[in-house]
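Data block below; observations after.
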Amino acid sequence: MKSINFSKYQGIGNDFIIIDSRATDLYQSLIVSNKKIVSNICDRHFGVGADGLILLMDSNNGADARMEIFNSDGTIAEMCGNGIRCLANYIKDQSDKEVSDNCIIQTLAGNIKASFSTSDNVKIDMGTPNFIPSEIPTNLKLDSNNLASGEVVLGGTTLKVYAASMGNPHAITYVDNLESIQFESWGRQLENHSLFPNKINVHFVEIINRAKLRIKVWERSCGATLACGTGACAVLAVTSRLNLCNKEAEIQLPGGSLDINWPSHDASIFMSGPAKFVYSGNIEIELYS
């Protein structure tokens, strides 16, 4: 029987179980070897309940820490914007000394810089959006805007779909009214569409004005979630490239809002938003093996 301490954090409703696994073999022996452990812990009825599980690990490339993040079904995710804000605040909260105003976190999408404010807000340098189809990956082709795009027919409805990567893959489509779409059906079909060989996170976007966008999120391997930080960045990047919004905008998600700023189209995109402690506890891992 393995007793494990955990903390739960949420970023605008996107919630995560965080486990400090530094100097342990938890990653390999309890997680990689049996992904059902993760899915059971994340189960909202029989486990702790979360959109994902984050392991805090020792960096192997000189960063301050390393993040390994798992979707709620136990699969490994490359990156998560809300998750990395939560992990950054966890590191700050758990430190027994004054934490500097920033830290570098190693991820599968590269080293990510997190900057702290006096509140719960965390600003993340999310790197440069990637629109190269083979690197997203997607079978969509580049259009005249140098964006991967194409049309998809779902149940008789034709959707114009764009794709981008923020270290993980995102599909973006624009709608007139978020409340009138077949959200779950379209989200599930696009997630698993043959255009996206590694599956994809799906975002339905309603443009309020040039400084405000509303989106609904269907996350790869999770389903409907209240927020997606990398998705908010991808949405701003594509919408800005299409000249349908400003380089900085408020992205409204079901769980709250993020400020996304892309000062220059050849530079990093920045995400700012809250990350809050919910509770901590202890779980016996054998119950989920």
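Coordinate-derived values only; no laboratory data. Computed from a predicted model, the values in this text were never measured in an experiment. Don't worry about glycine lacking a Cβ; one is built from the backbone with ideal geometry, like all the others, and counts go over all protein chains shown.
From the alpha carbon centroid of the range 1-80 to that of the range 217-289 is 18 Å. Each listed q (0.07, 0.08, 0.10, 0.13 Å⁻¹) maps to a log10 I(q)/I(0) for the chain from the Debye sum over equal C-alpha point scatterers, namely -0.24, -0.32, -0.50, -0.85.
When +1 charges are put on Lys and Arg Cβ atoms and -1 charges on Asp and Glu Cβ atoms, the dipole computed for the chain relative to its Cα centre reaches about 320 debye. Just so you know, the Cα atoms of the range 133-267 work out to an Rg and Dmax of 13.5, 39 Å. Near Asn201: Cβ cut-off under 15 Å, other residues only, Lys/Arg at +1 and Asp/Glu at -1. The net charge is -2. As a calculated quantity, the FRET efficiency between Ser280 and Gln189 at R0 = 35 Å, using C-beta atoms, amounts to about 0.35. When the alpha carbon gyration tensor of the range 156-226 is reduced to an equivalent ellipsoid, the three semi-axes, largest first, read 19, 14, 12 Å.
Taking the chain as a Gaussian network of alpha-carbon nodes connected by springs under 10 Å, the highest mean-square fluctuation of the residues Tyr27, Tyr174, Tyr90 belongs to Tyr27.
In order along the range 139-148, the Karplus-derived 3J(HN,Hα) couplings, from 6.51 cos²θ - 1.76 cosθ + 1.60 at θ = phi - 60°, round to 8, 5, 9, 5, 9, 5, 8, 6, 10, 6 Hz, and Gly and Pro are given as x.
Here the Karplus curve 6.51 cos²θ - 1.76 cosθ + 1.60, taken at θ = phi - 60°, turns the phi angles of the range 102-107 into couplings of 7, 8, 10, 10, 7, 9 Hz, with x standing for Gly and Pro. Shape class of the range 70-175 from the alpha-carbon gyration tensor: prolate, with a/c at 1.5 or above and a/b greater than b/c.
Here the range 133-267 carries DSSP beta bridges of which approximately 80% are antiparallel, counting only pairs with both residues inside.
Once backbone amide H atoms are built at 1.01 Å from N, Asn102 has Phe116 as its partners under 5 Å, excluding neighbours fewer than 5 places away on the same chain. In the chain, helices alone account for a calculated mean residue ellipticity at 222 nm of -4500 deg cm²/dmol, with every DSSP H run of four or more residues adding -39,500 (n - 2.57). With each pseudo-label sitting 7 Å past Cα toward Cβ, what's the Asp266-Ile207 distance in nm, one decimal? Distance between the two pseudo-spin positions: 2.5 nm.
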